[in-house]
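Quick one: structure below, then a few questions.
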Amino acid sequence: MPIFHTNCPLCDHKHISDLYLNVNGFTITRCHACGLVFVKERLTTNELIEYYNRTDGADYIYADPRNTENLSYYFRKLGKIIEQKIPTGRILDVGCSAGYFLDVMNNWERYGIEIPSTWADMAQKKYGNNIHIGTLEDSNYPDEYFDVITLQDVFDHLTNPLESLELCKRILKTGGMIIIKVHNIECLYARLTGRNFYAIIPPSHLYYYSKNTLKLALEKSGFSFDTSAFIGHTLFLKTIPYRLAQTNHSGFFFKLYQILDKTPFGNIKIQKNLHDIITVIGIKNS
Ligand SMILES: [Zn+2]
């Protein structure tokens, strides 16, 4: 029998109710007090690692070297936002994959964390021991070590987001910046598509945030909320049906992706900003 959240994991309010039943076998629940949307079943890190291993967490978005330029488009924009506030220093990218974001941060002393995978090995080839293969929780950085910490497409996977933020606060310098990038559950596209919103993929994504719930998470962990931004992306045309397929690799959208993948049309570049991706910045004041 799974163990369920009985209170909101963010604001601890009891007034929660189910939003979508049986999405991949999980329940998506919403807090009426703060608006957090989350997977009701409580999973341990070991259960999640088992799930990732079983489903082969490989996502072509990161596996295809031709897609690196699309990823870098966002990363360069984020880099500029960071450097307007802090020109250089020591940066940690939590969930750094193969180090693609670190690759664009040339003027920085670069660190990354990634769970054991071929991506982690690729990152370590470039950045050596500055890449910790494991988790944020089993890393062991000194207090006040980093100027900037980024969590990109990571924060919604964490089992205990507030504890993770508190850990980030410990290793961040006073005046340092934390940056979180996740899917925005309150964008119009998510509202229109409901349970079919492409980012609703439990148990991979455990939490579904908005600007307000991200702000609350930052403030509860001792950060002050600085700004939020909707930074546009570029993507290949074939990525659209790939994302719409969610975890269903036998239906129409995945077949369409496979067809497009075999044609030059699939690699046509599209500019996208549906406000479905939100980036927030928090500052450690003390
Ligand atoms: Zn709540």
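The values are calculated or read from the model by the stated rules, or taken from the named source; none is laboratory data. Everything numeric in this text was worked out from a predicted model, so none of it was measured. Reconstructed Cβ throughout: ideal geometry from the backbone, glycine too, with neighbour counts over all protein chains shown. When the accessible area is computed, the model is the full protein with side chains, heavy atoms only, and any ligands, DNA or RNA have been set aside. Shrake-Rupley method; radii C 1.70, N 1.55, O 1.52, S 1.80 Å.
Hey, can you tell me all the residues within segment 121-179 that are buried (at least 21 other Cβ atoms within 10 Å of the Cβ), touching a helix residue (DSSP H, G or I) at 6+ places or on another chain (Cβ under 6 Å) and without any contact (Cβ under 8 Å) to a residue 40 or more places away in the chain?
Answer for segment 121-179, where residues must be buried (at least 21 other Cβ atoms within 10 Å of the Cβ), touching a helix residue (DSSP H, G or I) at 6+ places or on another chain (Cβ under 6 Å) and without any contact (Cβ under 8 Å) to a residue 40 or more places away in the chain: just Ile131.
Test Ser204 against the stated conditions and say whether it is within 17 Å of Val154 (Cα to Cα), away from the ligand (no atom under 16 Å from the Cβ) and of a type in the set (S, T, N, Q). Walk me through how you get there before you give the answer.
Values: within 17 Å of Val154 (Cα to Cα): yes; away from the ligand (no atom under 16 Å from the Cβ): yes; of a type in the set (S, T, N, Q): yes.
Criteria met by Ser204.
Filter segment 235-257 for residues that are touching a Ser or Thr at 6+ places or on another chain (Cβ under 9 Å) and surrounded by fewer than 17 Cβ atoms within 10 Å (Cβ to Cβ) and give the result.
Thr247
Looking at segment 8-36, I want the residues that are farther than 24 Å from Gln246 by Cα and touching a residue at least 40 places away in the same chain (Cβ under 8 Å) and have a partner that is away from the ligand (no atom under 14 Å from the Cβ) and open to solvent by 20 Å² or more (accessible area, probe 1.4 Å) with Cβ atoms under 9 Å, at least 6 apart or on another chain. Which pairs are those?
These pairs meet every condition: Pro9/Arg42; Pro9/Asn160.
Here is a follow-up. So how many residues does segment 192-223 have that are within 18 Å of Ile240 (Cα to Cα) and assigned to a helix (DSSP H, G or I)?
Filtering segment 192-223 for residues within 18 Å of Ile240 (Cα to Cα) gives 192-201.
Next, only the ones that are assigned to a helix (DSSP H, G or I) stay: 192-196.
Residues meeting the conditions: 5.
Could you list all residues from segment 1-39 that are open to solvent by 50 Å² or more (accessible area, probe 1.4 Å), at pLDDT 95 or above and either within 16 Å of the ligand (Cβ to nearest atom) or farther than 19 Å from Ala199 by Cα (or both)?
Hits for segment 1-39 are Phe4, Thr6, Asp12, His13, Lys14, His15, Asp18, Leu19, Arg30, His32, Ala33.
Sort out for me the strands (runs of 3 or more DSSP E) sitting completely within segment 99-167 that have 3 or more residues that are touching a Ser or Thr at 6+ places or on another chain (Cβ under 9 Å).
Values: elements: 109-114, 131-133, 146-152.
Because the criterion is at least 3 residues that are touching a Ser or Thr at 6+ places or on another chain (Cβ under 9 Å), the strands (runs of 3 or more DSSP E) in segment 99-167 that meet it are 109-114, 146-152.
Can you find a residue that is within 16 Å of the ligand (Cβ to nearest atom) and within 30 Å of Asn24 (Cα to Cα) anywhere in segment 258-269?
Residues of segment 258-269 within 16 Å of the ligand (Cβ to nearest atom): none.
No - not one qualifying residue is present in segment 258-269.
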